[in-house]
Number of protein chains: 2
Amino acid sequence: MDAITIKDIARALNLSTSTVSRALRDSYEINPETKRLVVEYAERFNYRPNPIALSLKENRSRVIGVVVPQIANNYFSQAINGIDAIAYSRGYQVIIFQSHESYERELLTVQQAVARKVDGLLISLSGGTSDVSHLRDLQERKLPIVLFDRVSKELDSFCVTADNFTGAFAATEHLIQSGRRRIAHLAIPSYISITQERLAGYRAALEKYGVPYDENLIRYSEFSQNDVEPVVNDLLNQSPDAFFAAGDRLALGCLATLKKRGIAIPETVSLIGFTNTPVADLLAPPMSTVEQPALDIGQVAAEQLINLIEGKQKLTQPGMIRMPTRMIVRESSQPVGVSKPV
Amino acid sequence: MDAITIKDIARALNLSTSTVSRALRDSYEINPETKRLVVEYAERFNYRPNPIALSLKENRSRVIGVVVPQIANNYFSQAINGIDAIAYSRGYQVIIFQSHESYERELLTVQQAVARKVDGLLISLSGGTSDVSHLRDLQERKLPIVLFDRVSKELDSFCVTADNFTGAFAATEHLIQSGRRRIAHLAIPSYISITQERLAGYRAALEKYGVPYDENLIRYSEFSQNDVEPVVNDLLNQSPDAFFAAGDRLALGCLATLKKRGIAIPETVSLIGFTNTPVADLLAPPMSTVEQPALDIGQVAAEQLINLIEGKQKLTQPGMIRMPTRMIVRESSQPVGVSKPV
DNA sequence: TTGTAAGCGTTATCAT
DNA sequence: ATGATAACGCTTACAA
């Protein structure tokens, strides 16, 4: 724990700390010889500037705070991966906070981040968050904030999300074109931005093809996997011929329930999940997927934030970036589970 | 960004900073009235001590560093979840670093963590790490370190892992008892601790039941999903009647390959994955699972580390905690994909 | 070209 | 009971 400091170098070389600092910081007024000496010594003893001292001095930390509802979630961990990649390449470190889908936790967690003097905040709103005044306050105090995935129109900030409308439209259109008419729509709680957009895409596609919109085919489910099953069972009473599950865990929960009930996909119903689980590949062919570009969203959001932090973009001008989604069709006519001998 | 400081309070109340500090820290020699005043003011203006200043002063950060091979990995994100829960409940924050399965990155990343003055380090070794002297150095400098999951016997430290031997033994035993004799064993690179233990469990079970050990049935695969398929195909040439995939992504890759080849599970072969993907539930019944208690491992490791940090446990005494695994049998006689109408 | 000193926010030591 | 001062590691006017 006895890391070497500028002071140590100064003492050893009989210089002042300021000279050492200058030598290391590549400053102008410095004797090349002195500089050589210092740099050499620093290297030899593996000197690393103390980031904490720097933070205190410069009132910034080169840390960006990331607040997500859950870390242990495929979508968010991939997004974090993207954030991390960009952040590190631009010299920032990342501290991750979880809101556990709770507004109170989000509040607390954001405070902690601010206390830690993060240079900026990357947030995907918790499921319980409808009021964003805590974030607005921070923005007014000039803290750069970028929202991703779960964004809010209530806040004038940069937002990066998947193109939910188009993705949902494409999914619904595909289902309609393959002959389905009673398409159940399974969504997470309704006040969340992405829910609205996906539902809008769904409705728009129905409208385009003159398929009637039936409210009974729309259901909302909480976040836990267990909550999905009863909702799906309930939907099944509406004799749907397809499911569009507008979320990762919803899609998996739906799939599991259908399997459990012995309902063949795609024979009996068709299923498209708006999802990010790479494991979805395993489920081929039952479930087609509208892929959420989690990694890209993380990367773009991090880029935006760092530009904001470094003043390469003005804080005041909000903007919305929608990352394209990709639809992967995995509906083969081949029944599931057909086996041939080795 | 204009957070209130002790200085501000002092100025406003016409006190010295030291008095304010004392009032807030509940120190002894302090006029109750003064204290009341200070505390009130602090609360009113929502004073929060600057953790960075504290870190600089106390040469510790109340931050623990976590180094994992990949964040976007079900196992590790769950483990991080466990770590996070314990850490926050004990007043620590968590900074996450990725080694990307590379020794060099691990080295670098650990240095960064140390520079950030983390109070302790929780590490799951990268796949590329065989030499652990960088960690030994840190230990000698009295930095508390706890290894989890991917541990090394080369380092005298606390280790927390799944009970890999017993888990692998149980899996293999189950396969043998259900009549399988040529059990392919699919593992991640061989110099990793968990690989060795799982292989040992496998061999022990074979021995117990007098099933011959055939080297041709053992294969190692790299980490990426794509690497798995050729290895599985290769194994299939050895006419196995079962697969034991000793890892999360291996199990999924194996499953995907078998599906692709149209090989029925469990009719043609049997499959047990040593895994953590909750989605495995979806794949029922084809794959039975030996569940790795990722969350528990994270929690226990974090607890150990914090005890170490806070001196509740001496640094010198290494120890090994093995968290029990749980086997979930999902081999029904019902063929996969059989469907009945709604 | 180099050194001195102040300051970032906090606490501990030593006065008063 | 309270205040002044130094110190944590670093940078940056300002002096020399």
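The values are calculated or read from the model by the stated rules, or taken from the named source; none is laboratory data. Just so you know, these numbers come straight off a predicted model, no measurement behind them. Counting neighbours? That spans all protein chains shown, and the Cβs are built from the backbone with ideal geometry, glycine included. Just so you know, the surface numbers come from the protein's heavy atoms only, side chains and all, with ligands and any DNA or RNA stripped out. Shrake-Rupley method; radii C 1.70, N 1.55, O 1.52, S 1.80 Å.
Numbers at a glance
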read-out	value
Among (1) part of a helix (DSSP H, G or I); (2) more than 10 Å from chain A (Cβ to nearest Cβ); (3) open to solvent by 60 Å² or more (accessible area, probe 1.4 Å); (4) not β-branched (Val, Ile, Thr), the one test that B:Lys35 misses	(3)
Complete set of residues in segment A:280-294 that are open to solvent by 10 Å² or more (accessible area, probe 1.4 Å), in contact (Cβ under 8 Å) with a residue 60 or more places away in the chain and out of contact with any Ser or Thr (no Cβ under 8 Å at 6 or more places or on another chain)	none
Residue tally, condition open to solvent by 40 Å² or more (accessible area, probe 1.4 Å), in a loop (DSSP other than H, G, I, E, B) and either closer than 17 Å to B:Ala187 by Cβ or not assigned by TED's automatic domain parsing to the domain that holds B:Ala184 (or both), over segment B:215-267	3
Any hit, segment B:142-161, residues being in contact with a helix residue (DSSP H, G or I) (Cβ under 7 Å, 6 or more places away or on another chain), in a helix (DSSP H, G or I) and at pLDDT below 95	no
Residues within segment B:14-31 that are more than 8 Å from DNA strand C (Cβ to nearest atom) and either hydrophobic (A, V, I, L, M, F, W, C) or within 14 Å of chain A (Cβ to nearest Cβ) (or both), tallied	3
Any hit, segment B:4-12, residues being touching a residue at least 12 places away in the same chain (Cβ under 8 Å) and more than 11 Å from DNA strand C (Cβ to nearest atom)	yes
Residue satisfying all of: in segment A:268-279; farther than 24 Å from A:Arg203 by Cα and touching a Leu at 6+ places or on another chain (Cβ under 8 Å); surrounded by the fewest Cβ atoms within 10 Å (Cβ to Cβ) among these	A:Val279
Residue list for segment A:287-342, filter: of a type in the set (D, E, K, R) and modelled with pLDDT of 80 or more	A:Glu291, A:Asp296, A:Glu303, A:Glu310, A:Arg322, A:Arg326, A:Arg330
Residue list for segment B:176-214, filter: outside any loop (DSSP other than H, G, I, E, B), more than 17 Å from B:Ala162 (Cα to Cα) and not β-branched (Val, Ile, Thr)	B:Gln177, B:Ala184, B:His185, B:Leu186, B:Arg203, B:Ala204, B:Ala205, B:Leu206, B:Glu207, B:Lys208
Among (1) over 16 Å from A:Leu283 (Cα atoms); (2) part of a helix (DSSP H, G or I), the one test that B:Leu282 misses	(1)
Qualifying residue in segment A:101-111 (condition: outside any helix (DSSP H, G or I) and more than 10 Å from chain B (Cβ to nearest Cβ))	yes
Answer from A:Val114, A:Val118 - the residue that is among the hydrophobic types (A, V, I, L, M, F, W, C) and open to solvent by less than 10 Å² (accessible area, probe 1.4 Å)	A:Val118
Unmet criterion (only one of (1) more than 9 Å from DNA strand D (Cβ to nearest atom); (2) in contact (Cβ under 8 Å) with a residue 24 or more places away in the chain; (3) part of a helix (DSSP H, G or I)) for A:Asn46	(3)
Residue within segment A:8-18 that is within 12 Å of DNA strand D (Cβ to nearest atom), surrounded by fewer than 16 Cβ atoms within 10 Å (Cβ to Cβ), aliphatic (A, V, I, L, M) and part of a helix (DSSP H, G or I) present	no
Answer residue from segment B:19-32, given it is in a helix (DSSP H, G or I) and under 17 Å from B:Ile4 (Cβ atoms) and is farthest from DNA strand D (Cβ to nearest atom) among those	B:Leu24
Qualifying position, being touching a residue at least 40 places away in the same chain (Cβ under 8 Å) and over 29 Å from A:Met320 (Cβ atoms), among A:Pro240, A:Pro212, A:Pro230, A:Pro189	A:Pro240
Restricting segment B:49-68 to residues that are away from DNA strand D (no atom under 13 Å from the Cβ) and either modelled with pLDDT of 95 or more or not in a loop (DSSP other than H, G, I, E, B) (or both), the residue that is surrounded by the fewest Cβ atoms within 10 Å (Cβ to Cβ)	B:Val63
Selection from segment A:166-218 of residues that are out of contact with any Asp or Glu (no Cβ under 7 Å at 6 or more places or on another chain) and of a type in the set (Lys, Arg)	A:Arg198, A:Arg203, A:Lys208
B:Tyr88, sole failed condition from (1) open to solvent by 20 Å² or more (accessible area, probe 1.4 Å); (2) at the interface with chain A (Cβ under 9 Å from one of its Cβ atoms); (3) within 16 Å of DNA strand D (Cβ to nearest atom)	(3)
Qualifying residues in segment A:63-74 (those that are in contact with an Asp or Glu (Cβ under 8 Å, 6 or more places away or on another chain) and at the interface with chain B (Cβ under 10 Å from one of its Cβ atoms)) - the one nearest to DNA strand C (Cβ to nearest atom)	A:Val63
Answer residue from segment A:75-85, given it is more than 7 Å from chain B (Cβ to nearest Cβ) and closer than 23 Å to B:Val118 by Cα and is farthest from DNA strand C (Cβ to nearest atom) among those	A:Ala85
Failed item, numbered, when B:Ile71 is tested on (1) within 16 Å of DNA strand D (Cβ to nearest atom); (2) part of a loop (DSSP other than H, G, I, E, B)	(1)
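Every residue, every condition in (1) of a type outside the set (Gly, Ala, Ser); (2) within 11 Å of another protein chain (Cβ to nearest Cβ), yes or no:
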site	(1), (2)
A:Gly210	no, no
A:Asp214	yes, no
A:Ser221	no, no
A:Val231	yes, no
A:Ala245	no, no
A:Asp248	yes, yes
A:Leu255	yes, yes
A:Gly262	no, yes
